[in-house]
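Participant: Provided herewith is a single structure, encoded as structure tokens, for subsequent inquiry.
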Amino acid sequence: MKTVFITCSPKKNLNASAYLVAIQGLFVKGRKVTKKLRHKSDYAGIFEELKDAESVVFCTPLYVDGLPSHVLAFLEEAERFFKENQLRLNLYCIANNGFIEGKQNEPLMQVLENFCVRAGVRWCGGVGIGGGVMLNVTRIIFMVQTAVFIVLNIINGIKNGVFLDMGILSVFLKNVGLLLFFNLGVLFFLIWMGTAINKRMFFGKRYTRVLVPSFIFIPFANVFFILISLFKGGLFRGWLARK
Ligand SMILES: Cc1cc2nc3c(=O)[nH]c(=O)nc-3n(C[C@H](O)[C@H](O)[C@H](O)COP(=O)(O)O)c2cc1C
């Protein structure tokens, strides 16, 4: 069994779609190939992989309540490709959006469902995930916390000879537990969809979100986006990104 994951975020690095593909990949058996869809030059490589695949998973951000325009352009070509090669793939989707409600991905799902009818492939459903930006931030915080945990233990080891301090470990585990909690909805639905992909079954449209109450999410999101706009789109993508 071969599954092709297509990450459709136009962002080069650290995008939420890649994070979600990485999680989904853990629960899918068989051969797995991940391809990026950012430019027209990516089409050939993706089509090559699709030729002998059983399933394809589009992992995409929601843009203006729909699919990003570069994904729509790809789907036009893909429709021709699927028909010409008479491919009968199972198509799944992982959509993520910035607002908290995962249900906002419903129009995007409908577009993909209609595409499947036109292209003659099998629509199998997908997961719509709200609070994608915040979920993506949880994995960045996890990486930072892990690095801090290692550095603190090294310093402690050099100073006191104890390379695994129980106090540092318990703080680390508490923080990781909290980050994991935020991701529980995503994990639950991606494990479930993984079993559907493995059995080549219809999954249906499911919606989830970052597990943070809206009254906490909204002020945090407001502060986050004010800071991001002050840094003209983010520290990494603004100041440090290659132009
Ligand atoms: C041009 C643009 C349009 C967007 N439109 C929406 C939208 O309509 N609704 C929403 O909830 N989020 C919207 N977002 C937020 C993205 O869906 C969100 O940042 C997502 O996590 C990006 O995923 P990625 O990191 O995989 O690219 C938009 C973002 C951009 C840049």
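Participant: So if I take the centroid of the Cα atoms in region 44-102 and the same for region 103-146, what is the distance between those two points in Å?
Facilitator: 11
Participant: Once you place label points 7 Å from the Cα toward the Cβ at Phe181 and Lys83, how far apart are they in nm?
Facilitator: Here the modelled spin labels are 5.2 nm apart.
Participant: Next question. Once you have a ≥ b ≥ c as the square roots of the Cα gyration tensor eigenvalues for region 137-177, tell me rounded if a/c is under 1.5, and otherwise prolate or oblate according to whether a/b is larger than b/c. Don't skip to the answer; put the middle values down first.
Facilitator: Numbers: a/c = 4.78, a/b = 1.90, b/c = 2.52.
Oblate.
Participant: Next question, about the same structure. Can you give the helix-only mean residue ellipticity at 222 nm for the chain, where every DSSP H stretch with n ≥ 4 adds -39500 (n - 2.57) and the sum goes over all residues, rounded to the nearest 500 deg cm²/dmol?
Facilitator: Working: 8 runs with 127 residues, N = 243.
Mean residue ellipticity, 222 nm, calculated: -17500 deg cm²/dmol.
Participant: Now a separate question. Please find the FRET efficiency linking Ile158 to His70, where r is the Cβ-Cβ separation and R0 is fixed at 35 Å, and quote it to the nearest 0.05. Can you show the working numbers first?
Facilitator: Numbers: r = 50 Å, r/R0 = 1.42.
Efficiency at R0 = 35 Å is approximately 0.10.
Participant: Just to check I understand the Karplus step: with θ = phi - 60° and J = 6.51 cos²θ - 1.76 cosθ + 1.60, what whole-Hz values come out for region 14-27, glycine and proline as x?
Facilitator: 6, 8, 5, 4, 5, 4, 5, 4, 4, 5, 4, x, 5, 10
Participant: If you don't mind, there's one more thing I want to ask. Could you give each residue of region 132-139 its phi-based ³J(HN,Hα) in whole Hz, using Karplus coefficients 6.51, -1.76, 1.60 with θ = phi - 60°, and x for Gly or Pro?
Facilitator: So the Karplus estimates, Gly and Pro as x, are x, 5, 5, 4, 5, 5, 4, 6 Hz.
Participant: For Val210, what residues show an amide H to amide H distance below 5 Å, using hydrogens built from the backbone and excluding near sequence neighbours?
Facilitator: The answer is Gly130, Gly131.
Participant: Moving to a separate point now. Based on the alpha-carbon gyration tensor of region 50-117, what equivalent-ellipsoid semi-axes (square roots of 5 times the eigenvalues) come out, in whole Å, largest first? It would help to have the intermediate numbers written out before the result.
Facilitator: Working: eigenvalues 110, 29, 18 Å².
Square roots of five times the eigenvalues give 23, 12, 9 Å.
Participant: From the phi angles alone, apply the Karplus equation (6.51, -1.76, 1.60; θ = phi - 60°) to region 191-198 and give each ³J(HN,Hα) in whole Hz, x where the residue is Gly or Pro.
Facilitator: The phi angles translate into 5, 4, 5, x, 5, 5, 4, 4 Hz.
Participant: Near Lys40, which aspartates and glutamates are there with a Cα under 20 Å away, not counting those fewer than 8 places off in the same chain?
Facilitator: Answer for Lys40, where 20 Å is the Cα cut-off: Glu48, Glu49, Glu76, Glu77, Glu79, Glu84, listed by chain and number.
Participant: Keeping all protein chains in place, calculate the accessible area per residue for region 56-204 (probe 1.4 angstrom), answer in Å². It would help to have the intermediate numbers written out before the result.
Facilitator: Values: 7340 Å² over 149 residues.
Value for region 56-204: 49 Å² per residue.
Participant: Check the straight Cα-Cα distances from Lys199 and name the lysines below 29 Å, setting aside those fewer than 8 residues away within the same chain.
Facilitator: Qualifying lysines at Cα under 29 Å: Lys2, Lys29, Lys32, Lys35, Lys36, Lys51, Lys83, Lys103.
Participant: How many percent of all Cα-Cα pairs in the chain sit more than 23 Å apart?
Facilitator: Working: 15866 of 29403 pairs.
Of all Cα-Cα distances in the chain, 54 percent exceed 23 Å.
Participant: Take the Cβ-Cβ distance between Met201 and Lys40 as r, set R0 to 35 Å, and report the resulting FRET efficiency rounded to the nearest 0.05. Please report the intermediate quantities before stating the final value.
Facilitator: On the way: r = 33 Å, r/R0 = 0.95.
Efficiency for this residue pair is about 0.60.
Participant: Could you give the angle, 0 to 90 degrees to the nearest 10, between helix 69-84's Cα long axis and the longest principal axis of the Cα atoms of the chain?
Facilitator: Computed tilt is about 40 degrees.
The values are calculated or read from the model by the stated rules, or taken from the named source; none is laboratory data. These numbers come from a predicted model, not from an experiment. Neighbour counts run over all protein chains shown; Cβ positions are idealised from the backbone, glycine included. Accessible surface areas use protein heavy atoms only, side chains included; no ligands, DNA or RNA. Shrake-Rupley method; radii C 1.70, N 1.55, O 1.52, S 1.80 Å.
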